[in-house]
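Scroll down for the structure; my scribbles are underneath it.
Bear in mind these aren't lab numbers, they're just calculated from the coordinates by the rules spelled out. Note that the coordinates shown come from a computational prediction; the quantities given were computed from them, not determined experimentally. Virtual Cβ from ideal backbone geometry, glycine too; neighbours counted across all protein chains shown.
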């Protein structure tokens, strides 16, 4: 049986990252590899990455961000503009 945590986007950073209300503590027992999917506004990514990831440009990733919360980012571009992510969008983490 799969597990899930639900949250929402609470703000958009200056670079267009969607900052969620899902804290690092809430995600501490969640696998960070590709067993975990993160869905927001019809867009899904696999795995949760640290700030020092090496993902290529234009990759949609979930990051344990400086904010202390899960952040959805499009490397090198604005996730908010390119993917249409906005405040109050539902976020679901499943594993």
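Just to be sure I understand, how many residues within the range 42-58 are part of a loop (DSSP other than H, G, I, E, B), touching a strand residue (DSSP E or B) at 6+ places or on another chain (Cβ under 8 Å) and within 15 Å of residue 70 (Cα to Cα)? Residues in the range 42-58 being part of a loop (DSSP other than H, G, I, E, B), touching a strand residue (DSSP E or B) at 6+ places or on another chain (Cβ under 8 Å) and within 15 Å of residue 70 (Cα to Cα): 4 in total.
Of the listed requirements (1) within 20 Å of residue 95 (Cα to Cα); (2) without any contact (Cβ under 8 Å) to a residue 60 or more places away in the chain, residue 27 misses just one: (2).
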